[in-house]
Structures are given as C-alpha cells and as structure tokens.
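Let me begin by presenting the structure, written as structure tokens, before commenting on it.
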Amino acid sequence: MGRELSDRILSVEHVSKSFPGVKALDDVSLEVGRGVVHGIVGENGAGKSTLMKILSGVYTKDSGTVEFDGQRVERTTPMESLRRGLSIIYQEFSLISSMTVGENIFLGRFREAGGMKGTHQKAGELLGQIGSSISTHKLVSELSTSEKQMVEIAKALSFESKLIIMDEPSSSLTEEELAKLGALIRQMREKGISILYISHKLDEIFEYCDVVTIMRDGHVIDTRPVSELDRGEMVGMMVGRTIENEYPERPRAVGEPLMRVEHLTTGKLKDISFTLNRGEILGFVGLVGAGRTEIVRAIYGADKVKRKEVRIEGKSLKITSPRDGKRCGMALVPEDRKQQGLVLPFSVESNISMANLEKVKRGIFLSPDKERKMAEENIDSLLIKTPSPTAAIVNLSGGNQQKCIIARWLETEPKIFIMDEPTRGIDVGAKYEIYMLMKKAVEAGSSIILISSELPEVLHMSNRVLTIADGRITGEFDPEKVSAQEIMNRAIG
Amino acid sequence: MDAGKRIGNFVKDNLVLVTIMILVLVTAVLEPKFLTIANMGNLMNQFGPLSFVALGMTLAIIGGFIDLSVAGIVSLSAVFTLSMIDVLGQFGALLAGLLAGALLGLINAGVVVSCGALTQAKALFITYGLSAVFSASALLYTDGATQHMSHLENRTDLFQAIGSGRMGFVPVSFLLFVVIMALLHLFLIRTQTGREICLGGANITAAQLAGIPVKRRIALVFTLSGVLSAFGAIVLFSRITTASPLLGANYETNAILAVVVGGTSLSGGRGSVIRTMLGVMLVILLSNCLNLLGVSTYLQSVLKGAVLIIAIWIDRRRVK
C-alpha cells in the first residue's frame, strides 16, 4: 500500500450494495485517473447515483473496497469526504437560497476563511479563477441555474478537491451555458483535478470525457477510452440491446385546424397567437425562461392571464383553471415531474386514476376493482415497469414515472396533449418509448404541443416548430426544411 | 432468528397497538378493577370531546393542513350553542351550533385560500391567528362570564343525553363517535371527494394540474373540521353543564397529539380516522396510567410533549 502517489485518484473494487428487494450495485469496480474526465453513463436505475452516494458517504457499502488518493476509505460522511478532497455537485443543487454566494461557498467554515470579510474575498477569488463575475454578496435565490452551478464548482474548489463528481450537470443549462461548463471542465482537468461526469446526454460524454464507464442494472458493463467507442455501441451497452434510431419516424397525421389561440397576454407573454392542427405535433423552441412553459400553462388555465382567446373546433372557450382546461379536452404533462406531476407517496394506480376518478366509480363509491383494472391495462399497454399497481410511485424510475403520468392523461382521451419536457432526466430506452407513445397519440387523432430543451428531440418529432424568445413568438418553421442552426438563431431572439 | 425478526416487524408496523397493549397491562396490574365492564364504559366516556376534535384534525392534516383554530372554535361554538338553547329550543340550538362551527371553518378556508396560503406552514399561522379571533369573540360574546346550563329555562335533556347519556354501559357520545368515524373513513377511502382531499394533501400542485378543484376541497376540509370541533364543544359543555369562553384552550395540542400518535402523517395525504381512534385511546390510557402512578399533571404535560415528538420522529423516518 504505502502512500506513494499513484496515478489513480480513486479506485473502487468489488463494491456491492443492496436495498430491501433490490441489488443496487453488484461487484462494481472502477478506477479514475488523476486529471482525467471520466464519464459514467447508464439508464436510470443502473446504479450511478448509488455509487456516487457511497463515495460521498451518504450510503455505506455492503462489501468491497474504496481507495481515494491512496487511502482506504471505510465509513465516511459527506463532510469528511469533502475535506479529503472529494466533492459532489448534485443535479438538485445543495445551496441555501436565502444566503449569499460567499456564505454558501464557505458554509460552516467562516472562521477558517477568516470571518465574513475573508469569506467574501476568498469566494470572489475562487469565482474569478473559473471566470465568473457573480457578486459574492448576491443571494443564491437571485442566481440563474448556471450561476448556481458556478457557485457549486467554486465551493468544490474551495475544498481543494482532487475529484469532483458532477451529476447530470447540464440538465437545465442552455446551449451557451453548456459551452461555458465545457471550458470550465477543461480548465479543471489542466489543473490535475479529476472529474466524474455523470450524464444521460451522450453528446457531452463524447465532447468532454476521456474515459467512459457504462453501467447497467448495478453492474459495470465496460470502461473504455471514449475515442474507441461510437454512439451506437455506447447506447447498445447502456440498454443491453442495439437501438438503431433514437427517434421513431416522424408522425404524419396533420389534419384541419383544431385550436386557435389569440392575443394571449400575461405579465411575461406579449400577444401570443397561433393555431394547432388536429393530429399535429407542434414544437416550441426557446431558451429556458423564454416563456414556453408560461404559454402552455396559461392556455391550460394554470396561470392568470391579462387577455386570452381560445377556440377549439371553432367554439370560444373560457378556461380559468386546470379543471376547465381538462374539461375542454386538454392534458398537461408538467415540466417538473416530481413537484407538479406525481403524488409521490401514493401508489402507481392512484397516480394513474387521479385525473379519471369519475371513470372508476361504481355508483357513488370508488371501485378498487375498476381502479386496479385501469392501472393494469395501462401498465400492460405502456410497458410500465413496476412490481405491482400498488407499488409506491416514488420507487419507479423516471421514465416509468413519466409513463404513469402519460397513462393518467391518455385515459381522459385528450384532444390536446401538452408535454413540457416529457423526456427530461429519462434514459435513452424510455425516451424512445415515450416518442412512440406521442406518435400513437397523434395517429389516434390527438394533437400535441411539445416543449423541450433538447433541440434534436423537437426537430425530429415535430411537424411544425414555433420559436419563442422573450415572451413572443419569433418564427414558424418546418423542421424538415430548415436547419437547426437557423431555428436556434431565431429562438435566441 | 426469523421469529424474532417477525415480532420486530410486527412491533414496528403496529407500534400504537403494542403501546396500547402495554399500557393496558401496566394499568391492569396497578389497578385490578381496570378490566371490569364498568370501567370499560368509563374509558369510552373519556373519548368524549377530544375524539371529535381529533377527527376534524385528522381530516385537516390528511388534507395537508394543521387547523390550529379548533381551540377557538370549541370555545366560541360552546358559548354560542348554550346561549341559543333558550332562544331556539334545544334542537334548534344544536343545529345552530353545528352551523356556527361550519361557518367558522369556512372562514378559515376563505382566509387561507384568499391569502394564497396553500402550504401547510402558511396556513398554520392563519389558523393560529383566527383561533385568537374566535377565542376573543367568545369572550366578547359572554363578557367573559361562564354560562350555566342550570340557569336555562328551556329543556336540555337532548344535551344531557349527548353529554352523559348511556345505552347499557356504552356512552352515547362514544356511539356517536364510532358512527361518525366509520362514515368519515368510508368518505375518505371510497368517495371521489375523499380521494381528492388525500391527493391534494400530499401534493396540491399535482392535484390541481390534474384537474382536481383543490380550493373547494380545502373549503370542505376546514368546514368539516369546524363542524366536528363544534360537536366536540357540545359534548364537552353538555357533560360539565357549563360553558366558559376559555373552554377550548389546549384542544389543538391534544388533538394534534392524538392524530400524530395514531400515525397520520404530518406531511399530508396519508392517514386514517381509525388510526386517530387508536391515538385518542393511547392518549387516554397514558394519562389514566400516569394518574394511577401519581405523576403530577405538570410532568404529564412534559411526557405528552415527549410522546408527540417521538411520534413525529417516527413519522419522519417512515417518510424516508
């Protein structure tokens, strides 16, 4: 053993971890070199986050060894790991929004940093190092997502981290912010800092990573230099089968006009008017914060508006609550699955039935049989992976949770299906299934409004695309005729 | 070791029942008369006012709120109902009292909804504030004087029956409690409205976006909590035959204690009125047992607080 400096910063050997009923990690081995950007890819439930939580000390492993920087690590706590030089930047940031940037960076270490003055000074230096000019006196609640990420990185640097684990760091960044992150990663690698980059997005793995480990069902499938792999191979290893296409063939079911929205105006939106056709997938493209979500929420009745005219099949409708929206044949798959879509402590079946309680009644009472039957039919037809209809929905993977929400709405037989980031945080295999569901829905006569931050997704699935910037519709395109570049230019505004 | 594990799991899943059994055993050893039929009747009698308030609190907590105004509602509806007996007769007064409870609950809901205080924490402060308003109104209404049933001219036998009547050895109030509890249980688990209350309690945003009329459900939850508190108040003053404008003090604490000890989750959405019955039972047995052991009432309050904290701790662990 000894303490000679090896070229490995982290080595994990034969680590296993079980939870009641699941083997989350099964004999996992992994080595991360110094100054290497090491990607980890795998579908949800592959064991990526469990591994990460063992490394940081949130979970304890059942067996196996972990060696960090030449030292065996047995039991550890998140704070101990930090001090040892291992930082984790979680998908949901762990910053305290009511405190300032500087205070967050040196949280719990103000004395070490030399009081409040030293805290802000040192925090400012750290942020400067990574090319950020955020004021350290600003409250975290006032920061954008990418700025928060900067603060997290500065915090990791403040511990003189030797290894930084990033969990889905790009999930809510715009293209521009993503480029900044890329530069930052390269900069850290040059300093000899290792990075464990966990992501669903293969483009990023190819762009940033030197080595990639592919995980599936709690096993490491392979670790290889990125240069030796191509996209198809990687996806194949992730899902255990080969996927020829990431997207199904574009549905072509567009019919006559179905809904006309006119003069939609709120505090943020400026006189939005557009038409949605029957059987059409209409994509909304825009930066985060451009007003895409606000448009659909306003139409659906979830937000207050200053002015709005909605006509469906020529009939003028008054929609002032989601209940009205639902009654008029709309369905909303909201952007934040956990906060706005699911009732997490409840079962799969009650999450599916919750928009359809009238349908599962017998007389005045709810019928458990009918409810069960509705759930089982959807579990079968949408291929939802769940131990049973009564399992708590919180235990399902993201893709399967999303399918439950789609099932909930399919049961209402909506005319207009609004999908806001329907594949966010979902693995490749499940994404494809969701695209297939969208295709089936429009072929059965529904229309879809699709919002997504993944440009390729919108461009591959939509029949027509509207670009939205700063609360306005700035353009209308046929994604088959116009290049992605052109569309993005218009979306930036 | 398998058997040991199974027993361990049983204890974990049925902690309240196990605790109740232990308390029964301890009490039975301390007081051999404890297990007589007559004493069972007494025990049921102790369910009394608290059990109704706790039922209302259960609905509120499952619906995602904590209704701190029940203390004020108990005080105000007690003095109001009693004063109405001479005006409206006893049936009219009973009805007026329950309506008053409903109205006060509706005021809660109205303020909560119109302030947009749809989170548990925000609504907590609103109901706390309204509790002070209701309690003060009780004092204003009576000029601070305690009202006596014996001073009334109209008949009060209906109230006497509700407060202290018995059928056989079973108190009427306990029978009413069991009937209302059963109806509420059916309501919560087998009706659409009941399910919508649970869903809204667990995640109000998701429920609203799924087309559930959450504001109307909130109104219903607080209204029912108000009616049940008023009924608790009626049982209470009928039993002690006087109604002081401070009658309801501390009822919110004991009701929350019973609900949470029973195992209804403070995070909303999950729980049951039957669990609350067990919770009330546990609270009664505990004070019974502590009385027999000669523990002072001050120390008993400390212990009750400790039990509440333990119950919340267990609830939190269960959520994880």
### Query
So how many residues does segment A:362-398 have that are within 14 Å of chain B (Cβ to nearest Cβ), part of a loop (DSSP other than H, G, I, E, B) and of a type outside the set (S, T, N, Q)?
2
## Note on the structure
Among residues of segment A:475-485 being in a strand (DSSP E or B) and open to solvent by less than 40 Å² (accessible area, probe 1.4 Å), the residue farthest from A:Glu294 (Cα to Cα) is A:Phe477
### Query
For A:Thr213, are the conditions met, namely being among the β-branched types (Val, Ile, Thr) and open to solvent by less than 10 Å² (accessible area, probe 1.4 Å)?
yes
### Query
In this structure, is A:Ala290 among the hydrophobic types (A, V, I, L, M, F, W, C), at the interface with chain B (Cβ under 9 Å from one of its Cβ atoms), surrounded by 18 or more Cβ atoms within 10 Å (Cβ to Cβ) and under 23 Å from A:Pro422 (Cβ atoms)?
no
### Task
Name the one entry in B:Phe80, B:Phe159, B:Phe174, B:Phe125 that is under 24 Å from B:Asn254 (Cβ atoms) and out of contact with any helix residue (DSSP H, G or I) (no Cβ under 8 Å at 6 or more places or on another chain).
B:Phe125
### Task
Being farther than 30 Å from B:Phe65 by Cα and assigned to a strand (DSSP E or B) is the filter; apply it to segment B:152-191 and report the residue that is most open to solvent (accessible area, probe 1.4 Å).
B:Met167
### Condition broken by A:Leu282, with the remaining ones in (1) among the hydrophobic types (A, V, I, L, M, F, W, C); (2) more than 7 Å from every other protein chain (Cβ to nearest Cβ); (3) in contact with a helix residue (DSSP H, G or I) (Cβ under 7 Å, 6 or more places away or on another chain) satisfied
(3)
#### Entry: Any chance A:Lys359 is within 11 Å of chain B (Cβ to nearest Cβ) and open to solvent by 10 Å² or more (accessible area, probe 1.4 Å)
yes
#### Entry: Hey, B:Leu246 in contact with an Asp or Glu (Cβ under 8 Å, 6 or more places away or on another chain), assigned to a loop (DSSP other than H, G, I, E, B) and open to solvent by 10 Å² or more (accessible area, probe 1.4 Å) or not
no
### Query
Mind checking which pairs have a first residue in segment B:209-229 that is within 14 Å of chain A (Cβ to nearest Cβ) and within 24 Å of A:Gly325 (Cβ to Cβ) and a second that is of a type in the set (Lys, Arg) and open to solvent by 30 Å² or more (accessible area, probe 1.4 Å), Cβ under 8 Å, 6 or more apart or different chains?
B:Ala210/A:Lys326; B:Gly211/A:Arg323; B:Gly211/A:Lys326; B:Gly211/A:Arg327; B:Ile212/A:Arg323; B:Pro213/A:Arg323
### Summary
Residue count, segment A:65-123, condition among the acidic types (Asp, Glu), touching a helix residue (DSSP H, G or I) at 6+ places or on another chain (Cβ under 8 Å) and either open to solvent by 60 Å² or more (accessible area, probe 1.4 Å) or over 26 Å from A:Gly35 (Cβ atoms) (or both), comes to 1
### Query
If you scan segment A:54-64, which residues turn out to be of a type in the set (D, E, K, R) and open to solvent by 60 Å² or more (accessible area, probe 1.4 Å)?
A:Asp62
### Task
Kindly indicate whether any position in segment A:292-302 is part of a loop (DSSP other than H, G, I, E, B) and either closer than 30 Å to A:Lys17 by Cα or out of contact with any Pro (no Cβ under 7 Å at 6 or more places or on another chain) (or both).
no
### Query
Which of the residues spanning segment B:254-299 are within 30 Å of B:Ala136 (Cβ to Cβ), open to solvent by 20 Å² or more (accessible area, probe 1.4 Å) and touching a residue at least 12 places away in the same chain (Cβ under 8 Å)?
B:Asn254, B:Ile256, B:Leu266, B:Ser287
### Message
Here is a list: A:Met488, A:Met419, A:Met461. Which entry is open to solvent by 10 Å² or more (accessible area, probe 1.4 Å), touching a Ser or Thr at 6+ places or on another chain (Cβ under 9 Å) and in contact (Cβ under 8 Å) with a residue 60 or more places away in the chain?
### Response
A:Met488
### Query
So which residues in segment B:22-69 are of a type in the set (Phe, Trp, Tyr) and within 15 Å of B:Phe177 (Cα to Cα), if there are any at all?
B:Phe47, B:Phe52
### Message
Suppose the filter is closer than 20 Å to B:Gln208 by Cβ, more than 9 Å from every other protein chain (Cβ to nearest Cβ) and not in a helix (DSSP H, G or I); does A:Pro422 pass it?
### Response
yes
#### Entry: Candidates A:Met488, A:Met461 - the one that is closer than 22 Å to A:Glu204 by Cβ and either of a type in the set (Val, Ile, Thr) or modelled with pLDDT under 85 (or both)
A:Met488
### Query
Where in segment A:8-127 are there strands (runs of 3 or more DSSP E), lying fully within it, with 2 or more residues that are over 30 Å from A:Lys201 (Cβ atoms)?
A:63-68, A:71-73
### Task
Answer yes or no as to whether B:Gly194 is within 13 Å of another protein chain (Cβ to nearest Cβ), modelled with pLDDT of 95 or more and crowded, with 19+ Cβ neighbours inside 10 Å.
yes
#### Entry: Candidate set from segment B:197-206 (those that are within 7 Å of chain A (Cβ to nearest Cβ) and open to solvent by less than 10 Å² (accessible area, probe 1.4 Å)); member that is nearest to A:Pro345 (Cα to Cα)
B:Leu199
### Message
Take A:Val28 and tell me if it is under 24 Å from A:Gly192 (Cα atoms) and touching a residue at least 12 places away in the same chain (Cβ under 8 Å).
### Response
no
### Scope segment B:207-218; condition open to solvent by 30 Å² or more (accessible area, probe 1.4 Å) and more than 17 Å from A:Ile406 (Cα to Cα); matching residues
B:Lys215, B:Arg216, B:Arg217
### Query
Has segment A:237-254 got any residue that is exposed (fewer than 15 other Cβ atoms within 10 Å of the Cβ), of a type outside the set (Ser, Thr, Tyr) and more than 25 Å from the chain's Cα centre (by Cα)?
yes
### Among (1) within 14 Å of another protein chain (Cβ to nearest Cβ); (2) touching a Gly at 6+ places or on another chain (Cβ under 6 Å); (3) part of a helix (DSSP H, G or I), the one test that B:Leu278 misses
(1)
### Tally, over segment A:305-353, of residues that are charged (D, E, K, R) and away from chain B (no Cβ under 11 Å)
9
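The values are calculated or read from the model by the stated rules, or taken from the named source; none is laboratory data. All values reported here derive from a predicted model rather than from experimental measurement. When we count neighbours, we look across all protein chains shown, and the Cβ atoms used for this are built from the backbone with ideal geometry, even at glycine. The protein model used for the area step is the full one, side chains on, heavy atoms only, and it has no ligands, DNA or RNA in it. Shrake-Rupley method; radii C 1.70, N 1.55, O 1.52, S 1.80 Å.
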